[in-house]
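Below: the structure, in structure tokens.
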Amino acid sequence: MPTIDVLDLPQLYTKPSAQSLLDTLALFTSAPRSWDAKRTDIHDGNEGALLGSGPVHVNPEGVARYLTSIVSSSLQWIADDDAREEIWNQASLRLSERSGRTAMGAMSRTFRIPTSDGSFELSIHEPALTGDDLGLKTWAASYLLAKRLQSFDIAHHGNEKPRVLELGSGTGLVGLAMAALGAHVVLTDLPSIAQNLARNAQDNSEVIWRNGGSTRTGILDWNNPTSCQLIREGATNVEEADEALATRFPLILAADSLYSSEHPRMLVGAVKEWLSEDSDARVIVEFPYREAYLPEIKDFRERMAQAGFCILNEGEEKGYDDWGRSGGDEEENEDALVTCWWACWGRPA
């Protein structure tokens, strides 16, 4: 792939055309760091065009200054007001992409999930991050667990397909992967997250239906784990959560959901509330080893044991988060590498 320098690009003093500037800005498109080193399927949330697929690479030195000059320019030689607005918008987006995930706008990503005889793809929408709604972002542990699901021996009861509850679903990647493997899945989270969760379930309904699964989404606050309100089937508005969930599940999933000292207690409480009494009932979790939250993982393990569960199988694996600043060289991207612990829990025989 050839590399070009910023000085080789159209300079504003030459008064380049609107199309020339837009074509140039397309070269700067930068996907956030991916935890999948082999594949970076990031799509622009508005246009759906594959990012980072251009035929040239732009030397990053001077790019931020070049983009800032476009944003601050009046572009007065361009007569079309809409074209000027689009140029400013695209330049601003390119700057945000270089400022880390917290500064980026909405996006949709395509994740490839392996099966025993092939793979399928899920499209996951992530809104722009606001406040501390970390559930609006897809994390490495979720992708790793989604890819691992097909390796678990998940029990079928007769001809019935597995019934699964996901706690703290976030963007829904794990639960949607489980549904696309042929399970009936209820994905749950807080009201501020559930609307995007319902959108992702709707966006992936065709691949899930094609593989024999189904989804419902709902609101489940771990502060009140006895109550789960399901969003009306096919709806994406949390205000349409008007049906109480009334059944327990033989399989519960949770990924990267320990972010405070209270979460282990709350998560185990929700597990105890919603896991069925079946002898082969299972709880499958995956959490990253983040230094700040290692006590939470220890607490979770102890509380699960106190609740009468034991680890049937466990392991560690590595993946990549994209929380940090995007772009940069390989050494810089190494900071995104995370080690995750996964475990399958059950009741003693």
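Each value in this text was obtained by applying a stated rule to the coordinates, not by laboratory testing. This structure is a prediction, so every number in the text was calculated from the model and none was measured. Glycine gets a Cβ as well: all are built from the backbone with ideal geometry, and neighbour counts include every protein chain shown.
Which pairs break 24 Å Cα to Cα here: Lys137/Lys318; Lys161/Lys298; Lys147/Lys318; Lys272/Lys298; Lys272/Lys318?
Among Lys137/Lys318; Lys161/Lys298; Lys147/Lys318; Lys272/Lys298; Lys272/Lys318, the Cα-Cα distance tops 24 Å for Lys161/Lys298; Lys272/Lys318.
What is the sum of charges around Asn223, taking Lys and Arg as +1, Asp and Glu as -1, for the other residues whose C-beta is under 14 Å from the C-beta of Asn223?
For residues surrounding Asn223, the net value is -3.
Fewest Cβ neighbours within 10 Å first, please rank Trp222, Trp77 accordingly.
Lowest to highest Cβ neighbour count: Trp77, Trp222.
Starting from the Cα of Glu85, step 7 Å along the direction of its Cβ; do the same at Glu160; then give the gap between the two resulting points in nm.
Inter-label distance under the simple model: 5.5 nm.
Under a crude label model (7 Å from the Cα following the beta-carbon direction), how far is Leu12 from Asp153 in nanometres?
Placing both labels 7 Å beyond Cα along the Cβ direction yields 6.6 nm.
Would you calculate the volume per residue, in Å³, of the smallest convex hull containing every Cα atom of segment 224-325?
160 Å³
Tell me which residues come under 5 Å, amide H to amide H, from Asn313 once H is placed; ignore anything under 5 positions away on its chain.
Amide H neighbours of Asn313, under 5 Å, 5+ apart: Cys344.
Quick check on segment 131-346: take the gyration tensor over C-alpha atoms, sort the square-rooted eigenvalues as a ≥ b ≥ c, and tell me if it's rounded (a/c under 1.5), prolate or oblate.
rounded
Once amide H atoms are built 1.01 Å from N in the peptide plane, which residues 5 or more positions from Glu126, or in another chain, come under 5 Å H to H?
Met107, Ser108, Arg109
Counting only residues 5 or more places away or on other chains, whose amide H sits under 5 Å from the amide H of Gly182 once H atoms are built in the peptide plane?
Gly213
Kindly provide the GluC sites (Glu not before Pro) of segment 247-283 that DSSP labels as loop, not H, G, I, E or B, and whose Cβ sees at most 15 other Cβ atoms within 10 Å.
Answer in residue order: Glu262, Glu277.
Fewest first, what order do Ile4, Ile78 take by the number of other Cβ atoms within 10 Å?
Ile4, Ile78
For segment 225-308, which trypsin sites (Lys or Arg not before Pro) are both in a DSSP coil and crowded by at most 16 other Cβ atoms within 10 Å?
Loop-located and lightly packed - Arg232, Arg248.
If you take the beta carbon distance between Ser261 and Ala128 as r and set R0 to 30 Å, what does 1/(1 + (r/R0)^6) give as a FRET efficiency, to the nearest 0.05?
Result of the calculation: an efficiency of 0.60.
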